[in-house]
Amino acid sequence: MGTTERKKREKRQRRDTIIDAAEKIIFSKGLDQATMTEIAKEAELSKGTLYLYFKNKNELYMAITKRGSNILNQKLVKIFSGDHTGIELIRLMGETYLTFVRDNPGYFNAFLHYDSLRDTEDLQNSEIAQICEGNKQEAMALMVRALQIGIQDGTIKSSYNPKELAVIIWASTRGITMINHTMRQTDHHFKMIEDMEVNTDSMFENFLNLVGEGMATKKGQKKYD
């Protein structure tokens, strides 16, 4: 391996080390409480080195968003490697997303923060932001593709516009996820859910069933159950 290739590899490794350290600090303390000094100490690098790779904490947090969305999209793409009908793909995508959020609350917080940065200077001319946007578009395109497959194989009603339906499913899934994720971080609201004796696992299952029943044909319903 030449000198140039080695330097590129070392730079990628150092960048990953910084992101690893940032995840550990931010996921445990929260973005507002975490500092670049703490992240540098965790990464065993100087604070100045961090700023050579990321201009501020928001950009570093966007790098975490990028990593999380990369992981999620890889899981979604993998679903399409199996022999599934369109309606089955939709359910598997829903299950995969909800499981990812439940198992990786830190990444979901990063997603939410990224969405709050729209039209701010942090997104202007940011290569990381462009990749994050690309990942969001890819995830939506996968959902549209699954719906189109379902319409073609007769498991999803052809009366739906797949692009419109994809937005509806995305918004609904985001909402149900917010209930479970965000309200758990707000004692008052979570107590309300507990007082209603709502089981979150059952809530997710019923949500997926409701989505499937609404779009599935009779043929698709048999596949979805």
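The values are calculated or read from the model by the stated rules, or taken from the named source; none is laboratory data. Note that this is a predicted model, so its numbers are computed, not measured. Every residue, glycine among them, receives a Cβ derived from its backbone with ideal geometry; neighbour counts consider all protein chains shown.
Results, tabulated for the structure shown:
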| read-out | value |
| --- | --- |
| Number of the exception - T99 against (1) free of Cβ contacts under 8 Å to residues at least 12 places away in the same chain; (2) under 18 Å from the mean Cα position of the chain (by Cα); (3) over 24 Å from M178 (Cβ atoms) | (3) |
| Failed item, numbered, when Q124 is tested on (1) in contact (Cβ under 8 Å) with a residue 60 or more places away in the chain; (2) exposed (fewer than 14 other Cβ atoms within 10 Å of the Cβ) | (1) |
| Positions within segment 28-75 being outside any helix (DSSP H, G or I) and surrounded by 20 or more Cβ atoms within 10 Å (Cβ to Cβ), in sequence order | A34, F54 |
| Yes/no for H84 being closer than 15 Å to L31 by Cβ and outside the structural domain of E23 (by TED's automatic domain parsing) | no |
| Count - residues of segment 169-194 that are surrounded by fewer than 14 Cβ atoms within 10 Å (Cβ to Cβ) and modelled with pLDDT of 65 or more | 3 |
| Residue among T17, T37 that alone is within 26 Å of L112 (Cα to Cα) and under 26 Å from the mean Cα position of the chain (by Cα) | T17 |
| Single residue of segment 131-168 satisfying the filter (among the small types (G, A, S) and in a loop (DSSP other than H, G, I, E, B)) that is surrounded by the most Cβ atoms within 10 Å (Cβ to Cβ) | G154 |
| Among (1) more than 24 Å from A139 (Cβ to Cβ); (2) in a loop (DSSP other than H, G, I, E, B) - the single one I25 does not satisfy | (2) |
